[in-house]
Each structure stands twice: as structure tokens, then as C-alpha cells.
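Read through the structure below, which is laid out as C-alpha cells, and then see the notes.
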């Protein structure tokens, strides 16, 4: 059972990471900075629980706020660029963050042993969950309560005026601006919100894996973060969840028995899905709730 | 009627006896995991090849003796953790909760081990700690001090501080003409950079070698001292780098007698090729333990010629020669990392026989704890090139080692400090 709970944990924080990119994609911003915010959340909350002994709730909250603050700062220069230039700029930001943590050495002695980030040696023993007697099902429940809250918030957002404004900016910036939409507020808010979600995801990741180092936050993870909502589809918030389940649950774990062929099939399946369902997994008929509901209605 | 009832009672009694008496297994399962995909794929392939050979050997010689005196076969499953912490943790959870494997062997990468060991219970018997409770005996991940993260995790990996201390002491004695040193490492690899900045340079300074540009601040020869300054004074690269011209030029310009190249085979070869292209080969080169492998000699046999490395494996004993041959027959290669997998299987067999294991699936938890206790109690184990001393309170090993150098596309023993 613990195995399946472990997979659910992984799916949980990857879903949050994907949702942070989803929020930005709604406004048409393809950001690779999510992994940078994820790293900030991971290190900040890890430092708070390991070095300062804070409660996990508080540590995750502070980590998320810290990440969102940096996202807010990134949001302004990001306004001036878009498309591939934004991708390059946000990759640069994530690399700055990664290399900062690569060089961060903040060690204190606690209980006769040194703890804290140790540069390239990484940040070990972020063991809040196990050390405080959390059972695996409790960890999973906690992560999924956060995931459900975030999904619910984004779902609600998509159904009120704010969501329409986000999508309007994503569809046609110029038209939205002509209609009186303040692009600065919309884009910076989306970046800040995305940073907040990525920060929480990073904190949960660090405490689930008990260890982070600069290698945990590479361009590959940034690619996954944007791949989840794109592969899943931007039609609604569940597309990202489907994509994470598909990649983390089916492709990575489900195909492990294939050994070396797993990676080949991994890529092939993604190509097939994108070719048959270019608007994302959410458009596969069995997942297409809205169409089924309409049919039911008639 | 009475007779039928009696028969039924007897049958029921016999069935109950079998159930209550505890089933004795005919197979003892172990699990292994390591990088079988990605840039470090060869490490996992080598480990699996040797685990397979070792298990085959155990089974050919009758298997493993159980608590009741019967013999059971050993079997293994090997998983690809891709040098990825999340995947390694998922596999550990799967093995611990979904299989009857009594112990694990792995993982490959030190960064993965640092994460993986953290999900195990830190102190045995601490009921407030909900970490995994299953013993793990690592063959490859070599970064300093990892096994102390949990009392369930053990390593049979080389002790680099001891190896480099002895190496530089020997070099000082046998090569008095070598005076100055210079070096570099792949800074994004914890093992390469850590061993270089914490262990290797300090060992060289301790034994009287001089840093070519004058002493490095705070570096007195004591392990770990001034490590940040060591990195600043060196010319470094990253594991994904493919261009080493700046670094090779810095090495050449240093004019040092001895170059220290602390990186894995992949960038070691790239760097050495650039060094060779610049005709900047020094009088002597010392490499990282992990580079004393077949990959280095496949990638750059000519440029690595003469490089000296301390290693805990070389085919210098009949047993080591045999394991090297078996690894090759299984599609792998024996080196200081993978050869430990053979030793680990044999250690596990010995511990199982010593602590009395039934292999009964209903007693997996209890028997895992017994094996852990058995591992902790070990004082010495039989290694392929000699006796291995266990550092019992740390879960670590002090393995015998030799100094090898690359000669004509092979790693030849240069000096055997065991004698």
C-alpha cells in the first residue's frame, strides 16, 4: 500500500507544479521559471523545518510566499517579452536560482550533527514527516488536500470574470487591452499566483524526498512543468491532472517493467497522444465531461 | 462415522500444524536498484550483471541455509531508478511494502542515496519515526558519510579519505621529484567535488605536496578545511560540459608536476583529450576513484595513460578475476562500484545464515530487522581483494585497496599497499 501512496505523493506535487504553469499558460505566458519558484519553495520550507524547527504548515506557507514574491519580481520584466524570448528569460531565471542553491552553504549544528544546505553536497535530512510520526496515508492526505484546494481555486477562477480576463489575455493580448484589461495586473498576478503554487509544490517535494540539491531543479523539470498542462489540455484544470497521472503514474511507474525500452516508449506515447489529441488529453472522449454532460442534457 | 470424524480431525490438525508452524520458504528474495537509464546507465548495468552472477553462484552451491537447516534458493529483482531520487524512493517503497524482499542493494548515485536514506527510519526502534524499516546495503553511492543518515542503511563502498591519504604518502616517498600540484573537478557532482575539495587536495598537502600557485588559504591538510577555497583555486567544469579548453589551458599554464582530475569517466575523458590536444600532459596525474573503470579506458585509453587512482577493486586475486569474467559474461564490467555488489550478495547470504531466517512471508518485517541487526554486528567481511573491516556505528566499510594506473588500455596495479 505504501508504494501506491508514494506514487500518489509524487502525482500530488507534480500536479501542483503543472498547475502553476497552467495558470500562466491561461494568460499566454510560457514560463520555464516555475522550476525556479519550485526550488525556492523547497529550500525555504526545508530550511524553516530543519534549521528553525518550524511546523510544516508555517514552513510551507512562508516558502510559498517567498516563491510568489520572486515570481512577482519576475512578472514585471516578463511583461516586456513574450513567446520564445520569455522562455529564454525564464530559463535564465531558473538557472540563476539553481546555481544560487548550488553555492548555498548554510550549516548549523543541531543535536551534535551539522544540518542545512551544503552546496553541491545538497540539503539532506528534511525529514519533518517521518520524524514527527506522520504515517504515509497522512502525508498523502495532506498533499491531496492542498492539491484539491488549488484545483478548486483554479476551477472557480475559471468560472468567474477573472478567469475570462485571464483567457482573454491569453487568446489575444491586444484585443483584451483594447477592451480595457490591464495587462500588467493580469500577467503579474498570474505569475505571482503561479509562483505561490510552485512554492507549495516545492516545499511538499522537499519534505517527501527528504533531500534536495541543485540537480533536483534542472531544465528537465521545467520542461515537465509546462508539458503537463500542454499535454493535458488547457480547456480546464483537470487536463493537467490527467497529464501528470499519465506521465508519472503510467509512463514512469507503469512501464518500469519494460526496463531500457521504457524511455523509448515514453517519448513515443507522448508523440502519439499529441498527434491524435493536439488539444490535450482532456479532449479524449472518455475524459470530455462537458461534452458528455451536454449529450446527457439533450 | 467415528472413523470419518477422526480422519477429518487429523487432517484439520495436520493443516493447522503447517499453518501454525510457519511456512519455510524455498526462495529468499532480495531487491536491487540503480541507474539503468540516463548518463550513468553503465553503473546499473554493471551492478545488475554482478548481482545476477553472485546469485547464480549462491544457487549453484546449494543456496542459502535457513533457520531449520534446509536450503533455499536466492532470487532477485533489479529495478531502474534512473539516478532519480523520486524514482528510487518509489522503488524502495514498492520493495518494502509490495514484495517479500528481505533486503535491498543500491542505489547508484550519491544524490539519490542521500534522498533515499532519508525516508528510512533514522533510529531503530524509534516508534515516533515512521520511516521505512528495511535494510539496505549500498554497493555504489560513495559520497562521504551517507550511511549515517539511517540505522537501516549500510554501505560496502570504499573509504576515500584513507585511500588518498595512503596514495599521497606513497607518492611522496617514491616520487620525491614531484613537488607541485594543481587540479580541478566537476563541481555539480557532489561526489567528485566533495572528494576533491574535502579529501584529495588536503591529503596531498598533508604529505608535503605544494599547490602550484602558493598555499591555499585555510588548507592545512586536515580533511575538509578550506574546501571552498580549494574549489576557488582550481579550474573546474560541470558534468554536462563538452568543451574543456579553458580548464585545460589553466592546467597547462599552472605548470604543476602533478594534476588532480576529480571527475567521472565521461568528463574525465573529455578533459584529458583536450589536455592531450594542448600537449599539456604533466609528469603525473591522479584521478577520482570512480574513474578507475572500464568507461575511462573505453573513452580515452591513450590520454588516460599513466593516470594513478586508488581503487577497491582490481582483478588481482583468483576471486576478483573470476568475478570480472562473470561480469563480462553477463554483459557488464567489474569495477570498484559493481564488484561490491558481489560482496554484498555474499554478505547477505552469510548474515541470513548467521541470524536464522525462515523466509516465511508472514515474518518479513521481523526478519528484515534480524538481517539489519546481523549487518550491524558484522566486524569484518570477506572482500574480493581482502578482508573488509566494518565501521559498525556508522554502517560504513573500510575496504582494502590498491593503486592502479592506466597502461596500454588496462588498469594495472602500480602498488599494493596491502603488502
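Give the stretch B:253-292 a look and list any residue that's in a helix (DSSP H, G or I), within 20 Å of residue B:200 (Cα to Cα) and free of Cβ contacts under 8 Å to residues at least 40 places away in the same chain, or say none.
B:265, B:268, B:269, B:272, B:291
Regarding the stretch A:62-76, can at least one residue be identified that is more than 16 Å from the chain's Cα centre (by Cα), within 14 Å of chain B (Cβ to nearest Cβ) and more than 26 Å from residue A:230 (Cα to Cα)?
Among the residues of the stretch A:62-76, not one is more than 16 Å from the chain's Cα centre (by Cα), within 14 Å of chain B (Cβ to nearest Cβ) and more than 26 Å from residue A:230 (Cα to Cα), which makes the answer no.
Any idea which residue in the stretch B:21-42 is nearest to residue B:365 (Cα to Cα), counting only those that are at pLDDT below 90 and outside any loop (DSSP other than H, G, I, E, B)?
Result: B:21.
Check residue B:412 against each of (1) without any contact (Cβ under 8 Å) to a residue 12 or more places away in the chain; (2) under 20 Å from residue B:143 (Cα atoms) and name the one condition it does not meet.
With respect to (1) without any contact (Cβ under 8 Å) to a residue 12 or more places away in the chain; (2) under 20 Å from residue B:143 (Cα atoms), residue B:412 is out only on (2).
Kindly provide the set of residues from the stretch A:79-102 that are surrounded by 14 or more Cβ atoms within 10 Å (Cβ to Cβ) and within 13 Å of chain B (Cβ to nearest Cβ), ordered by number.
Selection gives A:95, A:98, A:101, A:102.
Residue A:132: within 14 Å of chain B (Cβ to nearest Cβ), surrounded by fewer than 19 Cβ atoms within 10 Å (Cβ to Cβ) and either modelled with pLDDT of 90 or more or in contact with a helix residue (DSSP H, G or I) (Cβ under 7 Å, 6 or more places away or on another chain) (or both), yes or no?
yes
Scan (1) within 14 Å of another protein chain (Cβ to nearest Cβ); (2) in contact with a helix residue (DSSP H, G or I) (Cβ under 7 Å, 6 or more places away or on another chain) for the single condition residue A:220 breaks and write down its number.
Failing condition for residue A:220: (2).
For residue B:89, all conditions in the list (1) surrounded by fewer than 24 Cβ atoms within 10 Å (Cβ to Cβ); (2) more than 20 Å from residue B:348 (Cα to Cα) hold save one; what is the number of the exception?
Result: residue B:89 fails condition (1) only.
Scanning the stretch B:149-198 for residues that are farther than 28 Å from residue B:238 by Cα and within 14 Å of chain A (Cβ to nearest Cβ), which turns out nearest to the chain's Cα centre (by Cα)?
B:153
Would you mind stating whether residue B:231 is over 23 Å from residue B:403 (Cβ atoms) and assigned by TED's automatic domain parsing to the domain that holds residue B:171?
yes
If you check residue B:361 against the conditions, is it farther than 26 Å from residue B:29 by Cβ and at pLDDT below 95?
When the stated conditions are applied, residue B:361 does not pass them.
Being more than 17 Å from the chain's Cα centre (by Cα), at pLDDT below 95 and not assigned by TED's automatic domain parsing to the domain that holds residue B:334 narrows it down to one residue among B:218, B:210; which is it?
Result of the check over B:218, B:210: B:218.
Within the stretch A:24-32, is even one residue outside any loop (DSSP other than H, G, I, E, B) and without any contact (Cβ under 8 Å) to a residue 60 or more places away in the chain?
no
Being within 28 Å of residue B:27 (Cα to Cα) and touching a helix residue (DSSP H, G or I) at 6+ places or on another chain (Cβ under 6 Å) is the filter; apply it to the stretch B:114-131 and report the residue that is nearest to the other protein chains (Cβ to nearest Cβ).
Taking the candidates together, the pick is B:131.
Results for (1) without any contact (Cβ under 8 Å) to a residue 24 or more places away in the chain; (2) surrounded by 20 or more Cβ atoms within 10 Å (Cβ to Cβ); (3) closer than 30 Å to residue B:292 by Cα, shown as yes or no for each residue.
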position	(1), (2), (3)
B:329	no, no, yes
B:336	no, yes, yes
B:356	no, no, no
B:361	no, no, no
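Can you spot a residue in the stretch B:121-138 that is surrounded by fewer than 24 Cβ atoms within 10 Å (Cβ to Cβ), touching a residue at least 40 places away in the same chain (Cβ under 8 Å), under 16 Å from the mean Cα position of the chain (by Cα) and not in a strand (DSSP E or B)?
no
Being closer than 19 Å to residue B:48 by Cβ and more than 9 Å from chain A (Cβ to nearest Cβ) is true for just one of B:103, B:91. Which residue is that?
Exactly one of B:103, B:91 is closer than 19 Å to residue B:48 by Cβ and more than 9 Å from chain A (Cβ to nearest Cβ), namely B:103.
Here is a check on your reading of the model: is residue A:4 outside any helix (DSSP H, G or I) and either in contact (Cβ under 8 Å) with a residue 40 or more places away in the chain or over 19 Å from residue A:239 (Cβ atoms) (or both)?
Against the criterion (outside any helix (DSSP H, G or I) and either in contact (Cβ under 8 Å) with a residue 40 or more places away in the chain or over 19 Å from residue A:239 (Cβ atoms) (or both)), residue A:4 does not qualify.
Within the stretch B:299-320, count every residue that is under 18 Å from residue B:340 (Cβ atoms), surrounded by fewer than 20 Cβ atoms within 10 Å (Cβ to Cβ) and in contact with a helix residue (DSSP H, G or I) (Cβ under 8 Å, 6 or more places away or on another chain).
Of the residues in that region, 2 qualify.
Could you tell me whether the stretch A:138-151 includes any residue that is under 22 Å from residue B:194 (Cα atoms) and either within 11 Å of chain B (Cβ to nearest Cβ) or modelled with pLDDT of 95 or more (or both)?
No: the stretch A:138-151 contains no residue that is under 22 Å from residue B:194 (Cα atoms) and either within 11 Å of chain B (Cβ to nearest Cβ) or modelled with pLDDT of 95 or more (or both).
I need the helices (runs of 4 or more DSSP H) fully contained in the stretch A:110-228, keeping only those with at least 2 residues that are touching a residue at least 40 places away in the same chain (Cβ under 8 Å).
Per the criteria, A:128-131, A:136-157, A:161-171, A:183-209.
Please work out if residue B:207 is touching a helix residue (DSSP H, G or I) at 6+ places or on another chain (Cβ under 9 Å), buried (at least 24 other Cβ atoms within 10 Å of the Cβ) and in contact (Cβ under 8 Å) with a residue 24 or more places away in the chain.
Against the criterion (touching a helix residue (DSSP H, G or I) at 6+ places or on another chain (Cβ under 9 Å), buried (at least 24 other Cβ atoms within 10 Å of the Cβ) and in contact (Cβ under 8 Å) with a residue 24 or more places away in the chain), residue B:207 does not qualify.
The values are calculated or read from the model by the stated rules, or taken from the named source; none is laboratory data. Being a predicted model, the structure only gives us computed values, none of them experimental. Cβ: placed from backbone, ideal geometry, glycine included. Neighbour counts: every protein chain shown.
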